[in-house]
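Let me begin by presenting the structure, written as structure tokens, before commenting on it.
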Amino acid sequence: MKKKKAEHGKTNNMNCIFCKIIEGSIPSKKIFENDELIAFHDIHPIDKVHFLITPKKHIENLISCNEADKEILSNMLLLAPKLAKEQGLQGFRTMINSGVEGGQEVFHIHFHVYGGSTKLAKI
């Protein structure tokens with residue numbers, strides 16, 4: 001896998017669709033960006049509002065996280081309610097798929113944040 005040193009100083013995997021979104025070579029409906037994180041609308045929403053929060057640092061999934069990733073994970077979780085409110089949500093659900101058996105399709109950690117209807121299945 002080809003790796004590239006990105007402008008923000010993190011190593012990105014240029015075979016990864018999310019790394020390409022981060023670098024700007026694939027367009028997205030971005031709703032937030034800072035030096036560490038990016039958030040954008042999901043291209044296949046499962047509710048009225050559905051966006052993703054992902055770090056710019058390429059981390060495969062929650063399984064591959066370690067102590068060094070604590071701050072990024074914390075910042076991702078703390079960003080969710082702020083962005084959800086900005087998107088008009090009064091309540092929301094978060095989801096993290098990790099690994100093939102966990103339903104992960106893009107192997108760059110991301111949190112799904114979605115809501116806006118009453119159709120959410122009870123878990």
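Below, the figures for the structure above:
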item	result
Count - residues of the stretch 29-40 that are in contact with a Leu (Cβ under 9 Å, 6 or more places away or on another chain) and farther than 26 Å from K70 by Cα	0
Spans of strands (runs of 3 or more DSSP E) in the stretch 18-123 with at least 1 residues surrounded by fewer than 17 Cβ atoms within 10 Å (Cβ to Cβ)	30-33, 37-41, 93-95
G91 of a type outside the set (A, V, I, L, M, F, W, C) and on the phi > 0 side of the Ramachandran plot	no
Contacts under 8 angstrom Cβ, first residue in the stretch 97-110 being touching a residue at least 60 places away in the same chain (Cβ under 8 Å) and within 20 Å of I22 (Cβ to Cβ), partner of a type in the set (V, I, T) and crowded, with 18+ Cβ neighbours inside 10 Å, 6 or more apart	H108/T54; H108/I59; H110/I53; H110/T54
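All of the numbers you see were taken from the coordinates with simple rules; none came from a lab. Note that the structure is a prediction, hence the values are computed from the model and not measured. Backbone-built Cβ (ideal geometry, glycine too); neighbour counts: all protein chains shown.
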